[in-house]
Amino acid sequence: MTENQQLQETVITGKTAKEIIKKHVLISMGVGAVPIPFVDVAAITATQLSMISKLAAHHNVQFSNDLGKSIIVSLVGGAGSKALVMASIGSFIKFIPVVGTAVGAVTFPAIAGATTYAIGQVFDKHFAGGGTMLDLKASDMKTYFAEELDKGKEFAGKVKKTVTKPFTSKSESLTEEGKEETI
């Protein structure tokens, strides 16, 4: 793809694929903190479908909502069964009064963000390589999804640290010399 074509695609969608994925990871993490079990999962799935739709538009690929749902389930269920179990536990634990809600609100956003990141990377790579919604096979993307899920965990951890940073007390942000540390 020439530089001019890349510029035209960016102008069409207004954002790069990386920006689209990052935005939806942040939304997924926010929705993951919703204290209502299984409502969070539905909202995260909707966010992931929105991301896939925008990635498809970015790469000039036709989007299908039903096919998108099917591929998400195949990726997370087949290629990332560990992620599926963690997501189910993260949402289900919110049923436990007080403690479950607190634990779920801390752990589930990271799982949601990592999964959304990995799904975004899979679709971006597939679409960038000329693929369509019809020819994406989750089984072929199993290894790549697992690699990107690990990267997504790192990314979600960085986001979590960035978000909690403004809420730390001033004394925690001081260096040993007593000067405020800048980031």
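For the stretch 120-140, the set of residues classified as open to solvent by less than 60 Å² (accessible area, probe 1.4 Å) and in contact with a Gly (Cβ under 9 Å, 6 or more places away or on another chain) consists of G120, Q121, F123, M133, A138, listed by residue number. Residue count for the stretch 33-46 satisfying the condition of being closer than 16 Å to A118 by Cα and crowded, with 22+ Cβ neighbours inside 10 Å: 1. With respect to the stated conditions, L149 fails to be open to solvent by 50 Å² or more (accessible area, probe 1.4 Å), at pLDDT 85 or above and either in contact with a Gly (Cβ under 8 Å, 6 or more places away or on another chain) or closer than 15 Å to F123 by Cβ (or both).
The residues listed here are T164, T143, T168, T116; of these, the one that is of a type outside the set (A, V, I, L, M), modelled with pLDDT of 70 or more and surrounded by fewer than 13 Cβ atoms within 10 Å (Cβ to Cβ) is T143.
The helices (runs of 4 or more DSSP H) found entirely in the stretch 1-105 that carry 2 or more residues being modelled with pLDDT of 60 or more are 17-32, 39-58, 65-74. Cβ-Cβ distances below 6 Å connect the following pairs, each with a first residue in the stretch 116-139 that is free of Cβ contacts under 8 Å to residues at least 40 places away in the same chain and closer than 16 Å to A57 by Cβ, a second residue that is open to solvent by 10 Å² or more (accessible area, probe 1.4 Å) and not β-branched (V, I, T), and a separation of six or more residues or different chains: H126/L136. Remark: pairs (first residue in the stretch 56-77, within 15 Å of A138 (Cα to Cα); second residue open to solvent by 50 Å² or more (accessible area, probe 1.4 Å) and of a type in the set (A, V, I, L, M); Cβ separation under 8 Å; 6+ apart in sequence or on different chains) = L67/L134; V76/L84; G77/L84.
The values are calculated or read from the model by the stated rules, or taken from the named source; none is laboratory data. On a predicted model such as this, the values are computed, not experimentally measured, just so you know. Glycine also receives a Cβ, built like all others from the backbone with ideal geometry; neighbour counts cover every protein chain displayed. Just the protein is used for accessible areas: all its heavy atoms, side chains included, with ligands, DNA and RNA removed. Shrake-Rupley method; radii C 1.70, N 1.55, O 1.52, S 1.80 Å.
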